Ligand code: HPA
Ligand SMILES: [Zn+2]
């Protein structure tokens, strides 16, 4: 059991393997900070910092089994997706009422805005909250109120993606979609997260079709090194025809699937902290971002579940990615541009954000 240490361990392994350059220079770090950025793969519940967990528990009259923030953070020990998910789902139980969801979303948006994220599409896992008796109106209502406030006060624009928790039943996912559709104006899409083992994407065929019929976009997690990973990537690409893929790093093991993704112009939301290295079927670890860029794929970078990953938000994730994936400045800029192209927004809005990026690059 290594948890965060395991992530540190995998990063260190990359370093020892000679895969990374020395620590990024401060000028580049400053450039990264100033870049107008977007983020597409961030789970709001994964931004629930230990400090906020204590505050919400107090507000909701709950006792947490940790003496303090340090003890709670020390308990974030995981070594794979299921062991991470157990901690992540347990942690979100403090989210009970509309203001809790407001505080969660506003805190993430404020943090992102402070690092010059100008646009974010954020995941949330309503099934986990409905299970505890929270209403969809409180979940979506709190987040939406925070999105509006953050846009007007901080200038960060955002949209919301409802994730189906894929290891819960198909019926539960459909009931959740039905409960969310009255709020569809506050959603931009649906996604698929949680444990992929035994929960292939086709389990959600009808859910995706219904979401699309209601004007929503569709994306799906294809976490790295999962059982049947290439089969599942093929299904989402060629059968379910998702609009985007979250993670998806194993695609580099199939030239055929890479060609299909390029032909379809698919954008990938990669989170180097969690899914940055292929190991299971490789003799040597493969750096996902490097391999995907070398294959000509459209990679964007996100922070995933920063509260459980050393509280590293997008600036830190990008700085680390430069080092571990040997990114040139041109590649960094290209990925930032992909980030705006990938937005589920009208073309004119994307063009305006790309113009902001171009102006910054010119002036920096
Ligand atoms: O990266 C992830 N993968 C699958 N499920 C998740 N739930 C939160 N983060 C993740
Ligand atoms: Zn994720």
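The values are calculated or read from the model by the stated rules, or taken from the named source; none is laboratory data. Everything numeric in this text was worked out from a predicted model, so none of it was measured. Glycine gets a Cβ as well: all are built from the backbone with ideal geometry, and neighbour counts include every protein chain shown.
Okay, here's what the table says:
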| read-out | value |
| --- | --- |
| Residues satisfying the stated conditions in the range 115-140, i.e. away from ligand 2 (no atom under 16 Å from the Cβ) and under 21 Å from the mean Cα position of the chain (by Cα) | 115, 116, 117, 118, 119, 129, 139, 140 |
| Residue match in the range 60-77 (condition: within 16 Å of ligand 2 (Cβ to nearest atom), part of a helix (DSSP H, G or I) and either touching a helix residue (DSSP H, G or I) at 6+ places or on another chain (Cβ under 9 Å) or touching a residue at least 24 places away in the same chain (Cβ under 8 Å) (or both)) | no |
| Given (1) within 16 Å of ligand 1 (Cβ to nearest atom); (2) surrounded by fewer than 23 Cβ atoms within 10 Å (Cβ to Cβ); (3) in a helix (DSSP H, G or I), index of the condition residue 307 fails | (2) |
| Flag for residue 93 being in contact (Cβ under 8 Å) with a residue 12 or more places away in the chain, surrounded by fewer than 19 Cβ atoms within 10 Å (Cβ to Cβ) and touching a helix residue (DSSP H, G or I) at 6+ places or on another chain (Cβ under 7 Å) | no |
| Yes/no for residue 230 being surrounded by fewer than 24 Cβ atoms within 10 Å (Cβ to Cβ) and either within 16 Å of ligand 2 (Cβ to nearest atom) or over 30 Å from residue 181 (Cβ atoms) (or both) | yes |
| Out of 327, 318, sole residue that is closer than 20 Å to residue 35 by Cα, in a loop (DSSP other than H, G, I, E, B), away from ligand 1 (no atom under 16 Å from the Cβ) and touching a helix residue (DSSP H, G or I) at 6+ places or on another chain (Cβ under 8 Å) | 327 |
| Filter pass, residue 164 being over 27 Å from residue 36 (Cα atoms) and surrounded by 19 or more Cβ atoms within 10 Å (Cβ to Cβ) | yes |
| Meets criteria (closer than 30 Å to residue 357 by Cα, at pLDDT 95 or above and in contact with a helix residue (DSSP H, G or I) (Cβ under 7 Å, 6 or more places away or on another chain)) for residue 109 | yes |
